[in-house]
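Right, one structure below, let's go through it.
What follows draws every value from the coordinates through simple rules; no lab data is involved. All of these numbers come straight from a predicted model, not from anything done at the bench. Ideal geometry is used to build each Cβ from the backbone, glycine not excepted, and the neighbour counts take in all protein chains shown.
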Amino acid sequence: MDAFHSLLTGFHVALNPTNLFYCFAGCFLGTLIGVLPGIGPAAGIAILIPITSGLESTTALIMLAGIYYGAMYGGSTTAILINLPGEAGSVATVLDGYQMARKGRAGPALGMSAISSFVAGTLSVIGLMLLAPPLASVALAFGPPEVFFVMMLGMTIVMSVSGESMIKGLMTGCFGLFIATVGLDSQTGATRFTFGNWKLAAGFDVISVVVGLFGIAEILSTATKPEGQVFHTKLGSTLPTLQELKACVPTFGRCTLIGFLVGLLPGGNSAIASFMAYDVEKKLSKHPERFGQGAIEGVAAPEGANNSVTGGSMVPMLTLGVPVSAAMAILMGAMMIHGLRPGPLLFEQNPNFVWGLIASMYVGNVMLLVLNLPLVGFWAKMLKIPYPMLAPIVLVFCFIGAYTIRDNLFDVWVAVVFGFVGYAMQKARYPVAPVVLGLILAPMMEDALRQSLSISRGDPTIFFTRPIAALLLFLCVLSIAGAILMRRRQSKAVQVLVEGAQDEK
Amino acid sequence: MTRVDRIFALVMLVFGGLACLESIRMGLWKGEVPGSGFFPLVGAGGMTLLAMLLLITSRGASPGESKTLVFQGNELKQLSGFVPALLFYPIFVHFLGFAPASVLFLAVLFRRSGRYGWITSLVASFVVVGVLHVGLVVLLKAGLPKGPLGL
């Protein structure tokens, strides 16, 4: 009942006209970001954070969360129409979505993608609503040693977002950890790695680094690739048939569960969830041979799963302050910029914010369904904007993003330099997400480590003798083992799917 | 492992090694708690060790797996437009202000990477900057750098 009452308060906040407007703006911009290839949700949030600097914190985060799940919705449009996923979570949608478009069924594919995203997105918010408050209550008992291990748990995510090589991922994670220490040491007041430059004393601004690594680097990388071609086909009706909808009802349930559970796990990103959901649907189907040929369940499953991840991944971020993906890390950074510290106290100290955000996700899901079903044709037209026209405009947004955080041109230079670093990393196939995780988690980790050792007067056994800390340490080990297993499983699943698709051809 | 990995690992090894030395100089422990250099050493040390590991594992790489950072096809041509524009943009913003510098930046890139005519590029950049100015400066009151023209 408590959750129900809190949710009512949340709706009171979310349905405020200003919040409704910014929720709509976030959903619209997010869908646009998802539709346009080359800008993922993480880069989109990073670029648009400064626009929210003048807004009240709840309104700002409602808009940014809208961008996040809006991008998840929009990613399917390019996947279905031009065989190019708008973001990583839509990679699996390509397999059947594009085949449906080739058969002249692009409309129902886009419609099913929107419906599945709506159902799974809404159900995952219910999961978030039910699971987050009890987890936050437990986390209230955490002291500095426990917080240290929670941050360590966050760092284990690096292993899951490492891409092809774990060594490369860990190395770039350490790089992020290192650059977070540049500037003034908050405890001793000593300057670190500033080399006499007073502008470096404030350290690297997280948003500038993120804008560079994700925004500028992504634009440089995409601008140098050959352009994708829009598949010219009549969209027709965007509504799937009643029979298709009925057939997809169990799919909605399964993909929601998979997406939500994967979202809860450190490193469980939308790409993993969508491939797992696709794999499960194919295995459970009476006609698995239809998958890869334009099966509508092959669109519903990955799209539902990648939207369900959004609700799941909000749980550890809001309750423990652990961002499970790059987009969540950036969203967490945005919360901190707006003076909110994610963690167990958030539910006690800012109930209006938390419940307003949760309620806005329900509202946002409805808005996205309304935006996506009738406006499919409009989004398809957006794809016709030539990239050479779009890329410079996005770069101007990157500039505004980096500048307006502290009204400082130095941050723009930081973004430009990290843009080149990010481009070089992408070209050499080094993952950039671990840098951001290291950068965001390192200051909190360092503080927790120092506070813990201050309490114990330098005795390191404090980390192993407290039951919750020991349990969290065990979870860290489990997370590392899980990440290794998940990597193996994912590569196997992708291999099986690719082989299956080749055999069917 | 590829040639690029070896180059990157070498760069990280040198960078990490220097950062380790500086971290140790800052002091690793102060009384009962870690000093200013402890945490940077964790990051830099990790980087150095992993770079060494990458170098060792890349020793047995077959030549067939080698990839280089050499740009292919149109890549260098496209980059030659974006890179100087990105480097000059903040300088121009500093001297001219956000709006005039952005018009120049956009027009040059539209012309260079999109191969549009100068008139089309200039008109498009004026429209984009105008919309941004109204949306961000007039409506959202964002504080963007102003130049001699007050824009």
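If you take the charge dipole of the protein assembly as shown about its Cα centre, with +1 on Lys and Arg Cβ and -1 on Asp and Glu Cβ, which of A:Thr461, B:Ala142, A:Leu140 is farthest toward its positive end? It is B:Ala142. Considering only alpha-carbon pairs that sit under 8 angstrom and 6 or more positions apart, the relative contact order computed for chain B is 21 percent.
Each peptide in A:245-258, A:317-330 gets a packing score, the mean of other Cβ atoms within 10 Å over its residues, and the list from highest to lowest is A:317-330, A:245-258. Comparing B:Leu96, B:Leu28, B:Leu79 in a Gaussian network model of chain B (Cα springs below 10 Å), the most mobile by mean-square fluctuation is B:Leu28. Of A:Lys427/B:Lys146; A:Lys168/A:Lys199; A:Lys381/B:Lys146; A:Lys282/A:Lys492; A:Lys103/A:Lys246, which sit over 24 Å apart, Cα to Cα? Violating the 24 Å Cα-Cα cut-off are A:Lys427/B:Lys146; A:Lys168/A:Lys199; A:Lys381/B:Lys146. Relative to the longest principal axis of the Cα atoms of chain A, helix A:433-455 runs at roughly 30 degrees. Angle of helix A:17-35 to the longest C-alpha principal axis of chain A, folded into 0 to 90 degrees and rounded to 10: 70°. Partner shielding of B:92-100 amounts to 1, given as the average count of beta-carbon atoms from other chains within 10 Å of each residue beta-carbon.
Remark: mean inter-chain Cβ contacts per residue of A:384-396 equal 6, using a 10 Å Cβ-Cβ cutoff to other protein chain atoms.
The convex hull defined by the C-alpha atoms of the stretch A:35-139 has an orientation-averaged projected area of 8.0 nm². Considering Cα pairs under 8 angstrom that are at least six residues apart, work out the relative contact order of chain A and quote it in whole percent. In percent, rounded to a whole number, it is 29. Counting only whole DSSP H helices of chain B, the ones at least 15 Å long by C-alpha along their axis and with mean Kyte-Doolittle hydropathy no lower than 1.6 are B:38-57, B:118-132. All Cα-Cα separations within the stretch A:91-177 were binned at 10 Å from zero, giving a P(r) of 14, 21, 24, 28, 12, 2, each value a whole percent of the pairs.
Axis of helix A:326-337 versus longest Cα principal axis of chain A: the two differ by about 50°, to the nearest ten degrees.
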